[in-house]
Each structure stands twice: as structure tokens, then as C-alpha cells.
Amino acid sequence: MLKELHDEHAQALWRYVLHLCGDRSMADDIVQETLLRAWTKWKSLDSSPGGPRAWMYTVARNLVIDDARSARSRYEFGTDEVPERSRDRTDALFDSIVMRDSLAELSADHREVLVHSYYAGRTVPEIARELGIPEGTVKSRLHYGLKALRLALQEKGVTR
């Protein structure tokens, strides 16, 4: 049934829709949607006045009108160029504030190890030497500190 509708009406319907909207890809989409709707309502097509072609033309026209009335069509416009990236540092500022507040919620031991590791870029042996604690303790504090930091960030809605 659908193949017959497609073979018999798709080309004429596509030309009609292209005339209405002027966009080839949109015409493809609308013809596809029209044929899909015809397939789901195939029992009522034979009884419709003017037959299946008139019904499909009406559906296609209504889809073009609906798209033209949609908010996407009214408020969005296409462009061939990607817009410039904003040089605004607002996002970075908010990220740093959230991170600072989250780090402040950690214990002093966890915060100290995380800051040495991630902000100062020190290795586990270097941190252990500077703080005068065993390397295993540094690793443990890093592990549990990151876990606590993740939880603090989750509570702020930053991560999953």
C-alpha cells in the first residue's frame, strides 16, 4: 500500500511542497511525514473526497503551514558561519567560585592534598615529602578527597 502511494504520488507531492516552501530538504521531510500519515490512515484514504492524492496534498500543505507558524521558524535563522566564541570570562569565574566553595567544604587534610596535586601539579612523592606524611596516606587522602569533592559538586548541581 505505502509503496503504491509513494510510486504514484511522491514526485508530484514533492514538487508541490517544494513550490510551497522552497527548501529541498524540508520538502523531503514533509513528503516523508505525509506518506507516513497516509500509511497510518490508509483505510480512510479511499473514502476521502478527491481520493488519496487530494488528502495527501492537504496534509502536506498543513505541515508546511505548521512549520511556518512554529516558534523555530519565527525566531531562529540559519547561517553558514559559526558564531564567534564569546571572550567573556563569566563561565570561568562562576566555575572557580563553585570550585572554591566546594573545596572549602572538605576537611583540611583532603583539601591540602588536592590543592597540592591538582593546582600545584605535584606528584604523590613530592606531596608526601612536603607534608611529611607517607605516600600511602597521600593516595588515600586524594581518593577520599576527590570522592568528597564530587559529592559537594553534585549537591551544587554541577556533576552527575
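The values are calculated or read from the model by the stated rules, or taken from the named source; none is laboratory data. Here the structure is a predicted model, which is why all the values come from computation and not from measurement. Because the Cβ atoms are built from the backbone with ideal geometry, glycine has one as well, and the counts that use them run over all protein chains shown.
Looking only at region 11-23, count every residue that is part of a helix (DSSP H, G or I) and either touching a residue at least 24 places away in the same chain (Cβ under 8 Å) or loosely packed, with under 11 Cβ neighbours inside 10 Å (or both) and tell me the total. Walk me through it before giving the result.
First, pick out the residues of region 11-23 that are part of a helix (DSSP H, G or I): 11-21.
With either touching a residue at least 24 places away in the same chain (Cβ under 8 Å) or loosely packed, with under 11 Cβ neighbours inside 10 Å (or both) added as a condition, the list becomes 12-13, 16-17, 19-21.
Final tally of qualifying residues: 7.
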From ASP67, ASP109, ASP88, ASP101, grab the single residue that is under 30 Å from LYS156 (Cα atoms), surrounded by 13 or more Cβ atoms within 10 Å (Cβ to Cβ) and of a type in the set (Asp, Glu).
ASP109
List pairs: first residue in region 58-84 and aromatic (Phe, Trp, Tyr), second residue modelled with pLDDT under 80 and surrounded by 11 or more Cβ atoms within 10 Å (Cβ to Cβ) anywhere in the structure, Cβ distance under 8 angstrom, at least six positions apart or on different chains.
none
